[in-house]
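To start, the structure under review is shown below, and the notes come after it.
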Amino acid sequence: MDEFWQVVAEIGLEIHPQRINSISRKINSLDSIQQIDQIKSGFWGDRELALFDRLRVAWGKVPYTSPAEVSSALYAASATSSVIESRNVVELVWTGPSTGLVPVRHTEQVLREVIAYATKRIFLVSFVAYEVDTIIKALQEAVARQVRIDVLLESPSQRGGHVSFDSITAMKSSIPAANVYTWMTKPDSYVQVGSVHAKCAVADSAVAFVTSANLSQAAMEKNMELGVLVRGGAVPQKLEQHLDYLVTTGVVQRV
């Protein structure tokens with residue numbers, strides 16, 4: 001039974017409350033565990049599908065647990081997760097050699113989780129973006145579920161920026177629905193040296209990831225990179241508001 005409660009708790013932590021509600025309603029309409037595949041469509045991406053598989057196995061070990069009980073358990077787990085998030089949970093994200101003191105999580109994995117969390121909007125900021133097929137796939141999946149995608153990138157050198165690779169053209173080609181921005185209007189003191197060196201992501205004003213890592217394969221998997229993942233509280237809201245203000249005041253402009 002412990003295995004069942006463990007996976008229910010993880011689903012409550014990982015999946016957005018609105019989607020948990022939808023999944024729970026579907027479970028409540030089932031007659032038994034034999035119909036569990038009917039809810040599989042509610043799980044998105046590899047990580048969530050792995051949770052679905054674990055739920056199927058764990059529930060199968062306690063078949064006397066009714067669909068109504070499973071549904072209620074998921075509602076409760078989701079509500080508990082929402083309370084925890086409102087209290088601001090901060091997690092260190094370290095990519096690189098392990099010391100055993102800080103959990104090692106690839107930046108790419110955490111960023112995909114942030115993107116998967118979004119139901120309304122994701123705002124990404126990076127110096128460059130290239131060779132990140134898994135992130136592009138996650139963004140394409142977000143577009144398919146009607147999530148707004150905003151991306152702020154450094155301009156290539158041929159457009160006055162400080163990077164040789166044209167991440168802007170590549171991003172617009174891969175994610176045509178994305179709103180891509182760059183820092184075009186700079187004060188005189190910033191013109192020669194100022195660049196978009198921030199790296200972050202914020203989803204639905206609820207989850208923020210601030211990291212040293214660019215959107216590149218090396219940064220995602222091979223470099224020493226450090227970041228913080230913030231769930232709930234004021235930080236994600238303030239970060240999204242700050243990025244919005246840069247857009248509305250014309251500091252960064254859509255290209």
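Tabulated values for the structure
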| quantity | calculated |
| --- | --- |
| Length gained when the stretch Arg87-Thr65 is fully extended (0.36 nm per residue, less Cα-Cα span) | 4.7 nm |
| Dipole moment magnitude, nearest 20 debye, the chain about Cα centre, only Lys, Arg, Asp, Glu C-beta charged | 460 |
| At least 27 Å along the helix axis (C-alpha) and Kyte average at least -0.5, DSSP helices within the chain | 67-86 |
| Förster radius 30 Å - calculated FRET efficiency between Asp37 and Asp133 (Cβ-Cβ, nearest 0.05) | 0.55 |
| Principal axes of the chain: Cα extent on each, largest first, Å | 70, 40, 32 |
| The chain: calculated mean residue ellipticity at 222 nm from DSSP helix runs of at least 4, using -39500 (n - 2.57) | -14000 deg cm²/dmol |
| Descending Cα extents along the principal axes, the range 3-86, whole Å | 35, 25, 23 |
| Dipole in debye (nearest 20) - the range 2-138, about Cα centre, beta carbon charges: Lys, Arg +1; Asp, Glu -1 | 360 |
| Selection from Tyr245, Ala68, Phe123, by position along the positive dipole direction of the chain (Cβ) | Tyr245 |
| Mean separation of Cα contacts under 8 Å (6+ apart) over length of the range 89-254, as relative contact order % | 30 |
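Taken together, the values in this text are just the output of simple stated rules run on the coordinates, not laboratory data. The structure presented is a predicted model; accordingly, all values stated were derived computationally and were not measured. When we count neighbours, we look across all protein chains shown, and the Cβ atoms used for this are built from the backbone with ideal geometry, even at glycine.
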